Every structure is written in structure tokens, then in C-alpha cells.
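**Q** Got a structure for you, questions after.
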Amino acid sequence: MVAKPHHTLVVLVENKAGVLARVAGLFARRGFNIESLAVAPTDDPRLSRITLSVDAESAPLEQVINQLDKLINVVSIRELAQAESVERELLVVTVGATPETRGQIMDLVRIFDGRVLNVGPDKLMVSMSGGPNRVDDFESLLRPYGIVELQRTGKVALPRLAKAGGEVGEF
Amino acid sequence: MNLNGGQALMRSLERQGVEIVFGLPGGAILPAYDPLIDSTIRHVLVRHEQGAGHMAQGYAQATGRPGVAIVTSGPGATNIVTPLCDAYMDSVPLVVITGQVPYAAIGTDAFQECDTTGITMSVTKHNFLVSDAQELPQVIHDAFHIATTGRPGPVLVDIPKCIVDPRNPRSALEWYEPDGHDLPGYRPRTEPDPAAVAAAAELICAARRPVIYSGGGILKSRAADALLRFAELVQIPVVTTLMNRGGFPDDHPLCLGMPGMHGNYSAVTSMQRADLLITLGARFDDRVTGKVGAFAPDAKIIHMDIDPAELHKVRHADVAIAADCRAGIEALIVAVDARGGAEAQTDRRQWHETIADWQQRYPLVYEPSEPGEALKPQFVLEQLRDATPDDTVVCAGVGQHQMWASQYWRFNHPYTWINSGGLGTMGYAVPAAIGAKAGRPDRMVWAVDGDGCFQMTAQELVTANTERIPIKVAILNNAYLGMVRQWQEMFYDERYSEVYLSPDLPDYKGWAEAMGCEAMRIENPTEVRPAIEKANEIDDRSVVIDFRIDTQEKVFPMVPAGASNDDIVLDPSQQPPPR
């Protein structure tokens, strides 16, 4: 799977009913494509953080940001360039595992720092988290064993911290 | 002090200075109508909720104050979606209160329940669902703040019945006067960036073929005076879009009038040939630009708008200024003055001569009718224009009559032209005129309407007569959905599909009389002026004149949809200009 060019936006919104619908509705109405979306409350209970990837070809980034900014419940928007951020995504997958292949799958899980969550007679459920590319790699390596069910969370991201001695990047 | 939600709603509206609301009660909003009896606020009882919304728009556009409408849940709310969308497109400040089923019943498909906030999310600047009576004073305070600041727009407040029903314990609240707003994501920008203003002033002074492209933002920010001073300082011609007719006086020598699909040749072509467009409160709408790729190809763009999302949206701006138009133009005047003002302007005599030549060679024209022939709509509008006071408020529906009205009226005062620009809502004229008259009872208010439009909202004339808000309606009756007919004639090989309406079914005169109006039917050119003069004398009820106009008449000039503005089609009597 080749990732399409995209922008990652971190959007702080008021933690109120219907805010996600406003954001999603805006994207649908303006023809902006969402590649992935993750939303959860922050340490400040009044705010939620939405991390979303926008297809860079569907609309100019400036338009997306300016339109988002018009939503009354959107408090701030920040673009995170890939090089300047740490991105993580969680994958949970149930994969076919016979006694013969189970060892091979366990090897992959170890290599990718994953975990086994559940074991059945002919299936394994494993989880793995990492940067989106690493999650893609893990998923494609598991595919030949037969993926029964799979769920990815969509990525979350925070700005990368400065190198030692430098300033800490702040949001 | 303990109040119930209904009382708090009325008190909150009074506190905002609301003097009039347009509405129609129903089950869910019913308890809020009880304290209305004891309020200082005047309520205008409409015949259809769409009328309430358009009246609130007309009121807002005539007065500059927010318009307020109150309707019930379900169909009441859905009937006002069109005015909300219209107000959103044209940036009209509205506060619309909708009833909702009791909180406990939300989501159960209760009687007259609909997801009002969900339905209106994309056609409002913001909306609220009140979940606690105690919030109500603050929510109303916030709603007016959001509707009237920044880029104005409609705000909807959905109030469950339990919150306004005194028999329900959920309606109890401790009254308070809201102070300030907790809206961390709402920070409208108004003051321009000085560096951008300086860059704009440089471009302006150096431009050889500049045009000021002025839009509805001029009227919204009360910037007509500033625009006049700015244009006179730099001596640059001004086009006024459909949303800014009256924002710069038509009789001013620098005024070029309306650009766009049915704009006059000089306005359209001066923009095409310009080397600089000074865009003030306009948004490069497709009806102005024609084919975007061919629009004003040589022009640098200065774009001033209070909404940053409009900047670079359609056309890249060389200088973008996110600001309120009045503050921004005032800053431009200072910056141009600092560079030497009028003296610092490039010699533009040739440009002015070129434009004057276009104006002389390609004016708006029509062929007058011969005696015994049907009336020409342009003639009717000229007569109406000349027989009414200079500050008459003119409201229009949407279609040919709207374009003729915009073309042939002379707008010399701001807030005298009220129409549906962005959404193009047929039926806008009659209710908008009632709202305008309610807000400006001192002014004469004429609705110029089409026969198709009139049939969509005419029932509000009953409201006008019952409520003693007398308006005057000129129906330009060509028995067709005329603009569609024009397109079918020009672009669909004269295949007329579903556009014929009949000139006398309904009998407009009889219908208007049944609604309590004075009514006339006029077919002869010599009768036009006396009929208008008679209408002007009547002030105790509304007047409707059914003008029988030429069915064949088309609106010219015209830039066909999707074509370049260079391909403007003139009146058949005019020689096309050399290309």
C-alpha cells in the first residue's frame, strides 16, 4: 500500500456534543477527503484533540485550515509535518495460525514489538503499534497467513521534541 | 430572580434590543409564546415559516440589525431551512429560535421531531441545542454575538419544550445578565495587517488600469462612506456587485454599475482589461467571474475580506487583507495618503477615456414597445424608478425581473436594494419587503417580483395587511419562468420544457384583492405611470400591480454560464465590439 500525499492536522476542539459531526460535515460538504481520523479528550476535559490526515490532492491546505477555523467550536489547528512529528497508530488483528505457522507469526510479532492478545486453536489475535509505515509493513507481512479481522485506530501525532540542548517544541 | 425558560427567552431577546420577531407558533414552541404576550417585543404572525425567515432577512438588510424569527419544531424548523441557507450565502445576521420536542423525547421520533441542529449545521454560522434552562440567557447572548460579528450570518437556537414549559421542573432557572462570551474558538479578525495595507497602497498608486470590485462586505461593514472617500481619493472606477448595489452611488461619475453574468458591458469589460482589481468585500462568485481561468487575465489582485477562508479560495490574491472592510478601507486611505494621495496616482487618463468610450458605445438598451404591444419590463422599471422617492427600498425575487431591476434602477443610497444573491431563492421579494418595511416604516418599499416568484410566497401579503405593514408589489408578469425560458431559447434550441405559467391563472388582481390588497392590472404603456402614482398614494394596505410584459424579452447583456466574460452577448440591436 502506497500512502497518498497527505497533511496531518491536529485540531483542538471544544469537548461538546456534535463537534465531530461539524468537522466531518465540513469535510464532506467542501469535498475534502479524510484519510484517517482519531479523536479523544485531552488532559483538559473541556477540549478534545482530533488528529486527521487530509488527502493533499483534494484541496489546498490553506482552504482546509481556514474553513475549519470558521467552526465556532474549533479552538486551534496545527499542521504537523511528518519530519517534525512523532506519529503512532495501533493495529489489532486476528490472523489464521495453524500449529505450523504459529511460530512464524510469533517471530513477526517479536520483530515488530507486538503482543499476542488471544490464542485460539487455529487463530491468533495480536496487537502492534508504531508509525503508520511500520504498521503497514506488519499488516502486509501478516496478510499471507489469512487476516480474519483487522482494526486500525487511525494515527495520532504529537510534535517531535527538539534535540538535547535545544528548545522543546511546544504546541 | 427565578424565571422559567420561556420568560428568560423573552427577557434575553429584549435585552438584545429586539423590537420585532417574525414567527408562527406550534406545539413545541407554544409555551414560549405565552410570555410573549407580556413582552415589549412585537410579533408578526406569518402564514408560512419560510416567510418568517425571509422577513427577518429583509429586516436585517434594511436596518443592519439582526433579524429574529421564532418557529416550532419539525416542519416549522424545516420550513425555515431555505431562509437560513439564503442568509448564510448572503451573510445576513439572523437569530432563529426553533422549538424542539422535550429533551427526554429527543431521538424517539416523537411527533414533530426532527434533528434541527443536524439539518441546519451546514447552513448556519453556528447552532445551539439548549440542554439546560440555566444556559439559555448565555446561549441567546452568544447567538447574537456570533450572528452580528465577523462575517455576519444566521445562528439557530433549538430549545426543547421542557425548557420553556413552566409546568416542567427543567424550565426553572435563576436569571442572570450574561457578561462576556466563553467562545475560545471564535476570534473574528477585523483590523488589517499594516504590511498588507502598505503593499496594497503601492499596487494602487502604480496601477494603470485599476478597478474597484466592491461586494456585499461594503454594506455589511457599513463601509459605503469609506468606499466613496477612497474611490474619490484615488479616482478609480467602481463596480458594484449584485450584493453591493447602493453601496456606491450609481449617479457618481466613477460608478460602473453591476458586473457579472448580466452586468453591463463597461463593468464586465473594465474588469477583464484591468491590471489591478481592488476587491473589497467580494468573493469572486462564479456569476461575476464567468470562466475563472479567463477572468481578468492581466489583473493583479488585492483582496480584502473579513473571512480569511475567502482569500485565495477562487483566485489567488497578490495582496490578501483579512479585515473588516470599513477598517481596511480607512487604513488604505491613510496608506495612500502617506504616499502622496491623489498626486501619487499614475496617469490614468487613457483608462478613463477607454471606459467612457465603452459606456457611450455599449449602454444598457432595449427596444421600446410600439403602441398596442406588450409592456417592456425595462420601461416599467424606468417608470417605477422615476416615480418613486430616491431612497425607496427595492426588494426582488430571483430571475429576469431581478436582473432588470438591478440594471435599470438607480441606487444612490446604501440599504435600498434587497435581494437573494448567493442562493437565488425564488419568492424572496414579498416577505423580504415586508421585513424591510417593518424595519423602515418611514421608507417606501417596493417589491419587484416575477409571476413565478410571486406564486411561491404571495400568501404573506395577508400577513402584511393584517399586521398593517403596507408594501407595494410590481409583478412583471410574462407568464413564464422567464429566466429558464431565456436559457431554453438561447441554449436549448427553443425547446421550452415546463416553463409556461399562464398570464391569468391565477388571476393576480383577484388574488391580491382576496388578500386585502389594492390591485391593478396594467397592459398599456400609458397606464403605467398613473398606476404607480396611484399605488404610491395608498398607505393603509398593500398594493399589487400585475404588469403584463413582453414574454419574449430577454436580459442582456449576458455571459453564458461557463463562458469567458470576453464572450459577453449584447442586446441584438448593438454591434458586437471588435475582438
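The values are calculated or read from the model by the stated rules, or taken from the named source; none is laboratory data. These numbers were taken from a predicted model, which means no experiment stands behind them. Positions of Cβ are backbone-derived with ideal geometry, glycine not excepted, and every protein chain shown enters the neighbour counts.
**Q** Out of region B:441-457, which residues are hydrophobic (A, V, I, L, M, F, W, C) and surrounded by fewer than 24 Cβ atoms within 10 Å (Cβ to Cβ)? Don't jump to the end; show me each part of the working.
**A** Let us first name the residues in region B:441-457 that are hydrophobic (A, V, I, L, M, F, W, C), namely B:444-448, B:453-454, B:456.
Listed by number, the residues that qualify are B:Met444, B:Met456.
**Q** Within region B:87-137, work out how many residues are outside any loop (DSSP other than H, G, I, E, B), within 11 Å of another protein chain (Cβ to nearest Cβ) and not β-branched (Val, Ile, Thr).
**A** Adding up the residues that qualify gives 7.
**Q** Among A:Gly120, A:Gly114, which is the only one that is away from chain B (no Cβ under 14 Å) and in contact with a helix residue (DSSP H, G or I) (Cβ under 8 Å, 6 or more places away or on another chain)?
**A** On the way: A:Gly120 fails: in contact with a helix residue (DSSP H, G or I) (Cβ under 8 Å, 6 or more places away or on another chain).
When all the criteria are applied, what remains is A:Gly114.
**Q** Residue pairs, Cβ under 6 Å, 6 or more apart or interchain, first in region B:273-298 and on the phi > 0 side of the Ramachandran plot, second of a type in the set (Ser, Thr, Tyr) and part of a loop (DSSP other than H, G, I, E, B). List them.
**A** Listed by first residue and then by second, the contacts come to B:Gly290/B:Ser564.
**Q** Of the numbered conditions (1) closer than 18 Å to A:Leu37 by Cα; (2) more than 21 Å from the chain's Cα centre (by Cα), A:Asn118 satisfies every one except a single condition; which is it?
**A** Answer for A:Asn118: the failing condition is (1).
**Q** Another one. Suppose we filter A:Leu47, A:Leu71, A:Leu80 for residues that are hydrophobic (A, V, I, L, M, F, W, C) and under 23 Å from A:Asp137 (Cβ atoms); which single one remains?
**A** Details: A:Leu47 fails: under 23 Å from A:Asp137 (Cβ atoms); A:Leu71 fails: under 23 Å from A:Asp137 (Cβ atoms).
On inspection, the qualifying residue turns out to be A:Leu80.
**Q** Give just the number: which of (1) within 20 Å of the chain's Cα centre (by Cα); (2) crowded, with 24+ Cβ neighbours inside 10 Å does B:Asn477 not satisfy?
**A** Answer for B:Asn477: the failing condition is (1).
**Q** What is the residue count in region A:67-96 for residues that are more than 14 Å from every other protein chain (Cβ to nearest Cβ) and either touching a His at 6+ places or on another chain (Cβ under 9 Å) or not β-branched (Val, Ile, Thr) (or both)? So that I can check it myself, show each step before the final result.
**A** Start the filter on region A:67-96 by keeping residues that are more than 14 Å from every other protein chain (Cβ to nearest Cβ), which leaves A:79-96.
Subset that is either touching a His at 6+ places or on another chain (Cβ under 9 Å) or not β-branched (Val, Ile, Thr) (or both): A:79-85, A:87-91, A:96.
Residues in region A:67-96 being more than 14 Å from every other protein chain (Cβ to nearest Cβ) and either touching a His at 6+ places or on another chain (Cβ under 9 Å) or not β-branched (Val, Ile, Thr) (or both): 13 in total.
**Q** Kindly evaluate B:Arg189 against the criterion of being basic (Lys, Arg), surrounded by fewer than 24 Cβ atoms within 10 Å (Cβ to Cβ), under 29 Å from the mean Cα position of the chain (by Cα) and more than 25 Å from B:Gly341 (Cβ to Cβ).
**A** Values: basic (Lys, Arg): yes; surrounded by fewer than 24 Cβ atoms within 10 Å (Cβ to Cβ): yes; under 29 Å from the mean Cα position of the chain (by Cα): yes; more than 25 Å from B:Gly341 (Cβ to Cβ): yes.
So B:Arg189 passes the test.
**Q** Limited to region A:47-100, what total is found for residues that are over 26 Å from A:Ala162 (Cβ atoms), at pLDDT 90 or above and outside any strand (DSSP E or B)?
**A** Residues flagged as over 26 Å from A:Ala162 (Cβ atoms), at pLDDT 90 or above and outside any strand (DSSP E or B) within region A:47-100 amount to 15.
**Q** Would you pick out the residues in region B:299-312 that are more than 14 Å from every other protein chain (Cβ to nearest Cβ) and either on the phi > 0 side of the Ramachandran plot or among the small types (Gly, Ala, Ser) (or both)?
**A** Selection gives B:Ala299 alone.
**Q** Looking only at region B:416-429, filter to residues that are among the β-branched types (Val, Ile, Thr) and in contact with a Gly (Cβ under 7 Å, 6 or more places away or on another chain); which one of those is surrounded by the most Cβ atoms within 10 Å (Cβ to Cβ)?
**A** Step one: list which residues in region B:416-429 are among the β-branched types (Val, Ile, Thr), which gives B:416, B:418, B:425.
Now restrict to residues that are in contact with a Gly (Cβ under 7 Å, 6 or more places away or on another chain): B:416, B:418.
Values: B:Thr416: 24, B:Ile418: 28.
Among residues in region B:416-429 that are among the β-branched types (Val, Ile, Thr) and in contact with a Gly (Cβ under 7 Å, 6 or more places away or on another chain), the one surrounded by the most Cβ atoms within 10 Å (Cβ to Cβ) is B:Ile418.
**Q** Shifting gears a bit: When region B:536-579 is examined, which residues are found to be small (Gly, Ala, Ser) and either buried (at least 17 other Cβ atoms within 10 Å of the Cβ) or on the phi < 0 side of the Ramachandran plot (or both)?
**A** Pass one, region B:536-579, residues small (Gly, Ala, Ser): B:542, B:561-564, B:573.
B:Ser542, B:Ala561, B:Ala563, B:Ser564, B:Ser573, listed by residue number.
**Q** Let me ask something else. Considering every residue within region B:521-535, establish whether at least one is surrounded by 20 or more Cβ atoms within 10 Å (Cβ to Cβ) and more than 30 Å from B:Pro441 (Cβ to Cβ). It would help to see each step written out before you state the result.
**A** We begin by selecting, within region B:521-535, every residue surrounded by 20 or more Cβ atoms within 10 Å (Cβ to Cβ); these are B:521-522, B:528, B:531-532, B:535.
Going one step further and asking which of them are more than 30 Å from B:Pro441 (Cβ to Cβ), we end up with none.
No, region B:521-535 has no match at all.
**Q** Output the number of the condition that B:Glu498 fails; it satisfies all remaining conditions of (1) free of Cβ contacts under 8 Å to residues at least 24 places away in the same chain; (2) touching a strand residue (DSSP E or B) at 6+ places or on another chain (Cβ under 8 Å); (3) of a type outside the set (Ser, Thr, Tyr).
**A** (2)
**Q** Considering every residue within region B:406-415, establish whether at least one is surrounded by fewer than 23 Cβ atoms within 10 Å (Cβ to Cβ) and over 18 Å from the mean Cα position of the chain (by Cα).
**A** To start, the set of residues in region B:406-415 that are surrounded by fewer than 23 Cβ atoms within 10 Å (Cβ to Cβ) comprises B:407-408, B:410, B:412-415.
Narrowing the set further to residues that are over 18 Å from the mean Cα position of the chain (by Cα) leaves none.
No, the conditions are met nowhere in region B:406-415.
**Q** For region A:9-51, name all the residues that are over 14 Å from A:Val156 (Cα atoms), crowded, with 17+ Cβ neighbours inside 10 Å and in contact (Cβ under 8 Å) with a residue 40 or more places away in the chain.
**A** Those that are over 14 Å from A:Val156 (Cα atoms), crowded, with 17+ Cβ neighbours inside 10 Å and in contact (Cβ under 8 Å) with a residue 40 or more places away in the chain: A:Val13, A:Glu14, A:Val19, A:Arg22, A:Val23, A:Leu26.
**Q** Now a separate question. State yes or no: is B:Tyr176 among the hydroxyl-bearing types (Ser, Thr, Tyr) and within 12 Å of another protein chain (Cβ to nearest Cβ)?
**A** Working: among the hydroxyl-bearing types (Ser, Thr, Tyr): yes; within 12 Å of another protein chain (Cβ to nearest Cβ): no.
Here the answer is no, as B:Tyr176 does not meet what is asked.
**Q** Still on this model: For the structure I just gave you, tell me whether A:Asp107 is away from every other protein chain (no Cβ under 14 Å), of a type in the set (D, E, K, R) and either in contact with a strand residue (DSSP E or B) (Cβ under 9 Å, 6 or more places away or on another chain) or assigned to a strand (DSSP E or B) (or both). Outline the logic, then answer.
**A** Details: away from every other protein chain (no Cβ under 14 Å): yes; of a type in the set (D, E, K, R): yes; either in contact with a strand residue (DSSP E or B) (Cβ under 9 Å, 6 or more places away or on another chain) or assigned to a strand (DSSP E or B) (or both): no.
So A:Asp107 fails the test.
**Q** Quick one: B:Ala207 ticks every box in (1) among the small types (Gly, Ala, Ser); (2) at positive phi; (3) buried (at least 21 other Cβ atoms within 10 Å of the Cβ) bar one, so which box is it?
**A** (2)
**Q** Hey, among B:Asp275, B:Asp251, B:Asp324, B:Asp286, which residue is among the acidic types (Asp, Glu) and surrounded by 24 or more Cβ atoms within 10 Å (Cβ to Cβ)?
**A** On the way: B:Asp275 fails: surrounded by 24 or more Cβ atoms within 10 Å (Cβ to Cβ); B:Asp251 fails: surrounded by 24 or more Cβ atoms within 10 Å (Cβ to Cβ); B:Asp286 fails: surrounded by 24 or more Cβ atoms within 10 Å (Cβ to Cβ).
Exactly one of B:Asp275, B:Asp251, B:Asp324, B:Asp286 is among the acidic types (Asp, Glu) and surrounded by 24 or more Cβ atoms within 10 Å (Cβ to Cβ), namely B:Asp324.
**Q** May I ask you to verify whether B:Asp182 is under 20 Å from A:Val75 (Cα atoms), surrounded by fewer than 16 Cβ atoms within 10 Å (Cβ to Cβ) and either within 32 Å of the chain's Cα centre (by Cα) or not assigned by TED's automatic domain parsing to the domain that holds B:Ala60 (or both)?
**A** yes
**Q** OK, next. Are any residues in region B:392-413 of a type in the set (A, V, I, L, M) and assigned to a strand (DSSP E or B), and if so, which ones?
**A** First pass over region B:392-413, keeping only residues of a type in the set (A, V, I, L, M): B:393-394, B:396, B:398, B:403, B:405.
Passing the criteria: B:Val393, B:Val394, B:Ala396.
**Q** All but one of (1) away from chain A (no Cβ under 14 Å); (2) surrounded by fewer than 20 Cβ atoms within 10 Å (Cβ to Cβ); (3) touching a residue at least 24 places away in the same chain (Cβ under 8 Å); (4) not aliphatic (A, V, I, L, M) hold for B:Arg349; state the number of the condition that does not hold.
**A** If we test B:Arg349 against (1) away from chain A (no Cβ under 14 Å); (2) surrounded by fewer than 20 Cβ atoms within 10 Å (Cβ to Cβ); (3) touching a residue at least 24 places away in the same chain (Cβ under 8 Å); (4) not aliphatic (A, V, I, L, M), just (3) comes out false.
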